[in-house]
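Asks: Shown below is the structure under consideration.
The values are calculated or read from the model by the stated rules, or taken from the named source; none is laboratory data. Since we're looking at a predicted model, the values are computed, not measured. Every residue, glycine as well, gets a Cβ built from its backbone with ideal geometry; the counts of neighbours run over all protein chains shown. Keep in mind that these areas ignore ligands, DNA and RNA; they rest on the heavy atoms of the full protein, side chains included. Shrake-Rupley method; radii C 1.70, N 1.55, O 1.52, S 1.80 Å.
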Amino acid sequence: MQRYTAKSSAAVVMNVKTGEVVGMTSAPDYDPMNPAEALDPNNMNRASAAVYEMGSTFKVFATAMALDSGKVTLNDSFDATRGLTIGGFTINDFHGKHRVLTVPEIFIYSSNVGTGREALKVGSQGQQEFLKRIGLMDKVPTELPEVARPILPCSHLFTVTVPFGHGISLSPPATAMAASAVMTCGILIPPTFFPRSEEEARLIGKRVLKQSTSDQMRYLMRLNVLAPGGSGKQADIPGYRIGGKTGTAEKVVNGRYSNDKRFNAFLATFPIDDPQYLVLVVFDEP
């Protein structure tokens, strides 16, 4: 946060095997020895009481949705030579390749056009069912009182904008919970701030994705760190087998999307072959 002079930041570290939140922070913070500082809105708990558009980190869910539906495979390709126009609105890629892209290329190059076309194959009804299934349309159940409800879109462009995290705002715990399910065998486990054993987690966990979908998503997350041009290449840390996905979202300022103010996020899990931990960081105007 200091290095990139961000206005604020939030982070969550979750044990994907149990759903335990093993670390969570929000900055700027307040001194608990001076409780009056907590009344400053700038010192709110952004790690759970705030919601963010997660940008392209949401492509983790969009890609998992497409693969899990059976309507898209890793061997498929989609046309990203030009923007995707729906209802007079055109979606473009930030760093477009302007060619046909394979599904792995769509993920590592973070193609909005390609991801939107994948979502169109699943359809609006299938998408809403998927988001409901992985817990992204409801308030996250935890012991913490200040957990924000998601802000869901009502636009007719929902099907093609949500896949790249535009128009849907989530709390960090909600994003971490759903991403943990994608990364670890497809089992959704409600998060907790208390100790929980893996056996206890298995009893309350619910399968929301095929095992094969989770396997494929871990492959894509690792590819995004290792492949030339992958957006997560800076997470290739010696000694750790990390998979990750970046995200950038335009901020809403005075009811309109800003052209020069951003949220940035990074979602990572490790070790990628048998995930133990998931890390989510969000920065406001870095």
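Asks: Just to be sure, is residue 22 open to solvent by 30 Å² or more (accessible area, probe 1.4 Å) and under 18 Å from the mean Cα position of the chain (by Cα)? Please lay out each step first, then the result.
Replies: Working: open to solvent by 30 Å² or more (accessible area, probe 1.4 Å): yes; under 18 Å from the mean Cα position of the chain (by Cα): no.
So residue 22 does not fit the description; no.
Asks: With respect to residue 158, determine if the residue is aromatic (Phe, Trp, Tyr) and free of Cβ contacts under 8 Å to residues at least 40 places away in the same chain. Working first, answer last.
Replies: Numbers: aromatic (Phe, Trp, Tyr): yes; free of Cβ contacts under 8 Å to residues at least 40 places away in the same chain: yes.
Yes, satisfied.
Conditions (1) open to solvent by 30 Å² or more (accessible area, probe 1.4 Å); (2) in a strand (DSSP E or B), marked per residue:
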| site | (1), (2) |
| --- | --- |
| 4 | yes, no |
| 10 | no, yes |
| 33 | yes, no |
| 49 | yes, no |
| 60 | no, no |
| 71 | yes, no |
| 78 | no, yes |
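Asks: Filter the stretch 47-63 down to residues that are at pLDDT 90 or above and either out of contact with any strand residue (DSSP E or B) (no Cβ under 8 Å at 6 or more places or on another chain) or among the basic types (Lys, Arg) (or both), then give me how many there are.
Replies: Here the count works out to 4.
Asks: Could you tell me whether the stretch 141-152 includes any residue that is hydroxyl-bearing (Ser, Thr, Tyr) and assigned to a helix (DSSP H, G or I)?
Replies: Step one: list which residues in the stretch 141-152 are hydroxyl-bearing (Ser, Thr, Tyr), which gives 142.
Those still in the list that are assigned to a helix (DSSP H, G or I) too: none.
Scanning the stretch 141-152, I find no residue that is hydroxyl-bearing (Ser, Thr, Tyr) and assigned to a helix (DSSP H, G or I), so the answer is no.
Asks: Also: Those residues that are open to solvent by less than 40 Å² (accessible area, probe 1.4 Å) and assigned to a loop (DSSP other than H, G, I, E, B), I need them from the stretch 203-235; list them, please. Walk me through it before giving the result.
Replies: We begin by selecting, within the stretch 203-235, every residue open to solvent by less than 40 Å² (accessible area, probe 1.4 Å); these are 205, 208-209, 213-214, 217-218, 220-221, 224-225, 227, 230, 232, 235.
Within the stretch 203-235, 205, 208, 209, 227, 230, 232 meet the criteria.
Asks: Residue 200: assigned to a helix (DSSP H, G or I), open to solvent by 10 Å² or more (accessible area, probe 1.4 Å), out of contact with any helix residue (DSSP H, G or I) (no Cβ under 7 Å at 6 or more places or on another chain) and not aliphatic (A, V, I, L, M), yes or no?
Replies: Numbers: assigned to a helix (DSSP H, G or I): yes; open to solvent by 10 Å² or more (accessible area, probe 1.4 Å): yes; out of contact with any helix residue (DSSP H, G or I) (no Cβ under 7 Å at 6 or more places or on another chain): yes; not aliphatic (A, V, I, L, M): yes.
So residue 200 passes the test.
Asks: While we're here: State all residues of the stretch 136-184 that are under 11 Å from residue 49 (Cα atoms), among the small types (Gly, Ala, Ser) and open to solvent by 10 Å² or more (accessible area, probe 1.4 Å); if no residue qualifies, say none.
Replies: Result: 148, single match.
Asks: Would you please name the residue that is modelled with the lowest pLDDT, looking only at residues in the stretch 236-267 that are farther than 17 Å from residue 53 by Cα and either of a type in the set (A, V, I, L, M) or open to solvent by less than 40 Å² (accessible area, probe 1.4 Å) (or both)?
Replies: Here is the first cut: in the stretch 236-267, the ones farther than 17 Å from residue 53 by Cα are 236-244.
Checking the rest, the ones that are also either of a type in the set (A, V, I, L, M) or open to solvent by less than 40 Å² (accessible area, probe 1.4 Å) (or both) come to 237, 242-244.
Details: 237: 93, 242: 97, 243: 97, 244: 96.
Only one residue tops the list, namely 237.
Asks: Quick one: in the stretch 105-131, of everything that is part of a helix (DSSP H, G or I) and touching a residue at least 60 places away in the same chain (Cβ under 8 Å), which residue is farthest from the chain's Cα centre (by Cα)? Explain how you work it out, then say what you get.
Replies: Step one: of the stretch 105-131, the residues part of a helix (DSSP H, G or I) are 105-108, 112-122, 124-131.
Keeping just the survivors that are touching a residue at least 60 places away in the same chain (Cβ under 8 Å) gives 107-108, 126-127, 130-131.
Numbers: 107: 13, 108: 14, 126: 19, 127: 15, 130: 14, 131: 12 Å.
Ranking the candidates gives 126 first.
Asks: Can you name the residue in the stretch 269-279 that is part of a strand (DSSP E or B) and in contact (Cβ under 8 Å) with a residue 40 or more places away in the chain and, of all such residues, is surrounded by the most Cβ atoms within 10 Å (Cβ to Cβ)?
Replies: 269
Asks: Okay, moving on. Being on the phi > 0 side of the Ramachandran plot and open to solvent by less than 80 Å² (accessible area, probe 1.4 Å) is the filter here; which residues of the stretch 89-110 pass it? Spell out the reasoning first.
Replies: Filtering the stretch 89-110 for residues on the phi > 0 side of the Ramachandran plot gives 98, 110.
Residue satisfying the conditions is 110 alone.
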